[in-house]
Amino acid sequence: MKIAVAGTGYVGLVTGVCLAENGNTVTCVDIDESKIAKMNQGISPIFEPGLEELMHKNRDRLYFTTDYASAYKDADVIFIGVGTPEKKDGSANLSYVYAVTGQIAQTLEKDCVVVVKSTVPIGTNDKVENILKNNLKHSVKVSVASNPEFLSQGTAVRDTLHASRIVLGVEDPFAENVLRKVYAGFTDIPLLVTNRKSAEMIKYASNDFLALKISYINEIANLCEIVGANVEDVAEGMGFDKRIGRYFLQAGIGYGGSCFPKDTKALNWMASYNDMELKTVKAAIEVNEQQKLKLLKKARKYYADFRGLNVAILGLTFKPGTDDLREAPSLVNIPIILEDGARVKAWDPVGIENFKKVFPDQLTYCQTISDTLRDADICFIFTEWPEVRALSPQDFLNSMRKPIVLDGRNCLSLDAFKQSDVIYESIGR
């Protein structure tokens, strides 16, 4: 099929590349000419394992352009995968979705299914349909469908090609039949067909439930520290119960990224807007914001302030496998440490360039972990990169002036550090 994808962020680009991998002819559209130029050279604008390889593999049926009119006019299916960033009040900014919808209405010249892939508030697909039908320039049949994504950064390609489920929110047989053809090659994946509003809600309900699990286990971890329990043993014991499951029970310093923070706030806003309160979601948001500062509170036991101290930061991105900094704990903690008068050195294998856009010269960026740790008075671990997981107590003893290590991701062996001269603290252990 001939497919167009609006937006080349995580959702749009991964969707487009994976649909090309499945044999479709795909044109990805973006307004950023520099991004399009890079992608036409086979260079991915985002760090995502396996993505660039698939771009090269499918270059004969994968195209990138800023010319939306040529991409949309004769497409069988158009996926909208643009960003829906958070507004100051917590609601979703839908201006990009509606702008693309207007462009589609003005350029579409054949019957088509327009698919909203972006995470949008319940009822957005109805508004997209109204915009299209009220602004169509040509006499064509257009159906609107909701097809939420369930990918995680760092595993986005695998999550798309081998998805946990495919959800189709449709209101007519035409849209359902077309989308069944689009996903015909995605075998052995559960497929749910529902109405559009249910599909929209499935996305929010899924993400917010996972955020709830993370905030819950973080609160349990904080209590474990007080009563002397080990949260890892607690989580393992909980995980044997299939009704609970093992996933998203890793205690730490909170969730980040492009989805959980934005989607919990958006659902909370939607509830408030409709005169109701989602108490569990609201609590998850509050717990997560407090949890991000957990290591700083621990650090105050050793230093009243950081003035004149050498502080080492291991990990800048919100999780390993991505260069995304959105809602990363590093963005909350490092400004406080700098304001306190510390000299900060930071290491991250892929996130430094993005962090420099926020803090171009306020800290020292290091290419190796050993350089980062050299003469440090304290070390904060914000991201559990494999290189960090591989560290031993001796690595800290060899480099640091005062070996105080605060592990916000529980990524180092508790037993190894118990038998060392390193002062080591983690979360709930």
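Values quoted throughout were computed directly from the atomic coordinates according to the rules given, and no laboratory measurement underlies them. Since this is a predicted model, take the numbers as computed values, not measurements. Cβ sites come from the backbone with ideal geometry, for glycine too, and all protein chains shown count toward neighbours.
Averaging Cα coordinates gives a centre for the stretch 337-379 and one for the stretch 188-212; these two points are 39 Å apart. 3J(HN,Hα) along the stretch 238-253: 5, x, 5, 7, 5, 5, 9, x, 8, 7, 6, 10, 9, 5, x, 9 Hz, from the Karplus curve 6.51 cos²θ - 1.76 cosθ + 1.60 with θ = phi - 60°, whole Hz, x for Gly and Pro. Between the amide H of A145 and those of V114, V115, V116, distances stay under 5 Å, these residues lying 5 or more places away or on another chain, with hydrogens modeled in the peptide plane. What list of ³J(HN,Hα) couplings, whole Hz, do you get for the stretch 11-27 from phi and the Karplus terms 6.51, -1.76, 1.60, once you set θ to phi - 60° and write x for glycine and proline? 3J(HN,Hα) across the stretch 11-27, in whole Hz: 5, x, 5, 5, 4, x, 5, 6, 5, 5, 4, 8, x, 8, 8, 10, 10.
Among Y365, Y247, a tally of other beta-carbon atoms within 10 Å of each Cβ gives an order, fewest to most, of Y247, Y365. For the chain, the mean residue ellipticity at 222 nm estimated from helices alone is -12500 deg cm²/dmol, where every DSSP H run of n ≥ 4 contributes -39500 (n - 2.57) and the total is divided by all residues, rounded to the nearest 500. Computed over neighbours whose Cβ is under 13 Å from that of K356, the net charge equals -3, Lys and Arg +1, Asp and Glu -1. Along its principal axes, the stretch 2-194 has C-alpha extents of 41, 39, 38 angstrom, given from the largest down.
Residue by residue, the stretch 308-314 carries 3J(HN,Hα) couplings of x, 8, 8, 10, 9, 10, 10 Hz when phi is fed to the Karplus relation 6.51 cos²θ - 1.76 cosθ + 1.60 (θ = phi - 60°); x denotes Gly or Pro.
Counting 0.36 nm for each residue step from D375 to T187 and taking away their Cα separation leaves a gain of 62.3 nm. Protection proxy ranking of 372-385, 267-280, by the mean of other Cβ atoms within 10 Å over each peptide's residues and highest first, is 372-385, 267-280. Per residue, the average separation of C-alpha pairs within less than 8 Å and at least 6 apart gives the stretch 1-95 a relative contact order of 38 percent. Projected label points at A69 and D126, each 7 Å from Cα along the beta carbon direction, are separated by 3.4 nanometres. What does DSSP give for the chain in terms of the percent of beta bridges that are antiparallel, rounded to the nearest 5? Of all bridge pairs located within the chain, approximately 5 percent are antiparallel. Take every Cα pair under 8 Å whose residues are at least 6 apart in sequence, average their separation, divide by the length of the chain, and the relative contact order is 12 percent.
On full extension, the segment bounded by D233 and F150 gains 27.0 nm, given 0.36 nm per residue less the C-alpha separation. Cβ-Cβ distance of H138 and K282, R₀ of 51 Å, FRET efficiency by 1/(1 + (r/R0)^6): the value works out to about 0.65.
Extension gain for the segment N274 to R307, taken as residue separation times 0.36 nm less the Cα-Cα distance, is 7.1 nm to one decimal. The alpha-carbon of K197 sits under 12 angstrom from the alpha-carbons of these aspartates and glutamates, leaving out residues fewer than 8 places away in its chain: D126, E171.
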